């Protein structure tokens with residue numbers, strides 16, 4: 001817990017508006033991805049085709065879209081950012097692994113790696129000063 005407090009103090013002291021915009025863009029991207037997975041569930045099933053025989057494969061399919069949808073909203077507003085990113089990490093790692101298990105799509109692989117790196121940064125950095133987390137903390 002002390003580590004998180006130290007990271008929050010450092011992040012709030014070194015907050016920059018472009019980083020907040022990057023966090024909002026990450027949230028919007030994940031939100032749009034969640035909507036696209038909800039709208040085209042067959043595409044999501046095709047992505048998971050190499051892992052269809054695994055135990056819990058259908059649970060994973062039903063986890064991805066809502067996690068992107070809700071997590072994207074939370075990340076964009078800066079509310080429970082670290083928790084929302086922790087929920088995204090298995091999905092992003094799976095997105096990278098799917099390229100090696102199934103058919104390789106270089107664009108999808110690069111996009112998944114970039115989003116994973118940005119998410120890992122915000123997992124450490126937190127939501128920043130221009131977020132609902134910071135606003136609610138200041139209201140106490």
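Only the coordinates and a few stated rules stand behind these numbers; no lab work does. The model shown is predicted, which means the values in this text are computed figures rather than measured ones. Backbone-built Cβ (ideal geometry, glycine too); neighbour counts: all protein chains shown.
What the table below lists for this structure:
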item	result
FRET efficiency for residue 25 and residue 59, using Cβ-Cβ distance with R0 set to 25 Å, rounded to 0.05	0.30
Taking only Cα atoms of the chain, radius of gyration then Dmax in Å	16.2, 51
Calculated FRET efficiency for the pair residue 40/residue 70, C-beta based, R₀ 22 Å, to 0.05	0.75
Full-extension gain in nm, residue 107 to residue 32, via 0.36 nm per residue minus C-alpha separation	25.3 nm
Relative contact order (percent, whole number), the chain, Cα cutoff 8 Å, 6+ residue spacing	34
For the chain, calculated [θ]222 nm from helices alone, where every DSSP H run of n ≥ 4 adds -39500 (n - 2.57)	-26500 deg cm²/dmol
Helix 57-77 axis, angle to the chain major axis (alpha carbon atoms, nearest 10°)	30
Whole-Å semi-axes of the range 65-126's equivalent ellipsoid (Cα gyration tensor)	23, 12, 9
Angle in degrees between helix 17-39 and the longest Cα principal axis of the chain, rounded to the nearest 10	30
Rounded to 10°, Cα long-axis angle of helix 81-101 versus longest principal axis of the chain	30
